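Notes to accompany the following structure.
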Amino acid sequence: MSASVYIHPIGLAAGPQSESNGDGIAAIRLAGSMAYASRFALLVREGGAVTHRRVFGTGEAAEALGELGGSLASEAERQWANLQLVHAPLQLGERTVRLDQPQIMGVLNVTPDSFSDGGEFLEKPEAGRAHAAAMLEAGAAIIDIGGESTRPGGAATWEGDEIERVIPAVEYCANMGAAISVDTRRAGVLEAALAANGGNGAHMANDVSALRYDPRSLELVANAGCPVVLMHAPGTGEDLHEGAGYGDVVSEVFDMLKEQRARAIAGGIAEERIMLDPGIGFGKSLVENLALMNALPLFHALGSPLMLGASRKRMIGALSNEEPAHQRLGGSLALAVKGMDAGVHLIRVHDAAQTVQARNVWRGLRDAALTDFSQLPGM
């Protein structure tokens, strides 16, 4: 079995000033975000075991990476460059979504069996319209419309039913001028959503199967030229949660996303239009979800913007007296802020207004840290 390398930022900072001693750059900006890192763990795994580990600071990066030698050193250098890669904004119709601060994606479920809203926005289109408008007014950058519940144990949805659920929501969101993502794993649904509203419908694909479920999806996204989120899930068939069984969940999710990203690029999808999601809650135990949350900065090494979808997930209930989905706001905000600290670019949430407020306060703290020069030598 071949060896694999991983560079995990483990020393995070609110700004570079707190890490500077006046003799050079002591912290790097992670993937163009408002998160900074000053210490890193360089790991080599082979045969399921860690065979090399070194912790280094920014000034030691060249030495630490170079000592690996050969293809491992080349891959480490690629990941080091990816950690510092500044991502271009997303162009979604007439809307430009900048990725230099965390952006909020608001969830609009139009399913009869949603775990979070019980089908309210499908049964009452006026309620869905009002909910979308409220999320946009609160500051959500993107509305993510889903017509199939992908919760554990959820029944598969027929493509025709999914289209009938999604298209009206796409149309009323488009009429609001929203940037629209469609949460689907079916090419027919995405195709219809992109063509809706006279060709001014959806702008972005959010595929929980990483374009593996439907054989047409990869080619469709490539030809459409739309941004796409590739999410990790262990299953390849109807149940995306099945087939899990991890030796080391962090490295295995990293490797799968790396593989699917390369597959998408080889299939004609532009590298700058790919986003990655570690798939919190999909075929992972509580311990595995927590490990992924703590390892979020590592995924910047893949070279694509990151999305986090942990809102109202089962792990929150498991950690808080089995609270039902609609009572998991506090836990959802905690996970969202964890993502912001890690430099995640897009936070997918059900409670958009509250998360935007949390983001704005978080951003205020970051801005203050970036403009505090009192920590610099001689000040």
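Structure notes:
- Only listed residue being of a type in the set (Asp, Glu) and not in a loop (DSSP other than H, G, I, E, B), chosen from 164, 242, 238: 164
- Matching residues, region 258-273, being within 16 Å of the chain's Cα centre (by Cα) and under 22 Å from residue 89 (Cβ atoms): 261, 271, 272, 273
- Among the criteria (1) at pLDDT 95 or above; (2) crowded, with 22+ Cβ neighbours inside 10 Å; (3) in a helix (DSSP H, G or I), the one residue 178 does not fulfil is (3).
- For region 181-209, the tally of residues that are open to solvent by 10 Å² or more (accessible area, probe 1.4 Å) and in a strand (DSSP E or B) stands at 1.
- Neighbours by Cβ (under 7 Å, 6+ apart or cross-chain): first from region 207-223, touching a residue at least 60 places away in the same chain (Cβ under 8 Å); second among the polar types (S, T, N, Q) and open to solvent by 20 Å² or more (accessible area, probe 1.4 Å): 208/150
- Any hit, region 308-317, residues being open to solvent by 20 Å² or more (accessible area, probe 1.4 Å) and within 27 Å of residue 272 (Cα to Cα): no
- Pairs where the first residue, in region 29-56, is more than 23 Å from residue 84 (Cα to Cα) and touching a residue at least 24 places away in the same chain (Cβ under 8 Å) and the second is open to solvent by less than 60 Å² (accessible area, probe 1.4 Å) and of a type in the set (Val, Ile, Thr), C-beta under 7 Å, 6+ apart: 51/44
- Given (1) assigned to a helix (DSSP H, G or I); (2) out of contact with any strand residue (DSSP E or B) (no Cβ under 8 Å at 6 or more places or on another chain); (3) open to solvent by 50 Å² or more (accessible area, probe 1.4 Å), index of the condition residue 212 fails: (1)
- Any chance residue 325 is more than 18 Å from residue 14 (Cβ to Cβ), hydrophobic (A, V, I, L, M, F, W, C) and modelled with pLDDT under 95: yes
- Residue tally, condition over 16 Å from the mean Cα position of the chain (by Cα) and within 23 Å of residue 193 (Cβ to Cβ), over region 80-107: 6
- Some residue of region 290-304 being open to solvent by 20 Å² or more (accessible area, probe 1.4 Å), out of contact with any helix residue (DSSP H, G or I) (no Cβ under 6 Å at 6 or more places or on another chain) and more than 25 Å from residue 37 (Cα to Cα): no
The values are calculated or read from the model by the stated rules, or taken from the named source; none is laboratory data. Here the structure is a predicted model, which means the values were calculated and not measured. Glycine gets a Cβ as well: all are built from the backbone with ideal geometry, and neighbour counts include every protein chain shown. All accessible areas refer to the heavy atoms of the entire protein, side chains included, with ligands and DNA or RNA removed. Shrake-Rupley method; radii C 1.70, N 1.55, O 1.52, S 1.80 Å.
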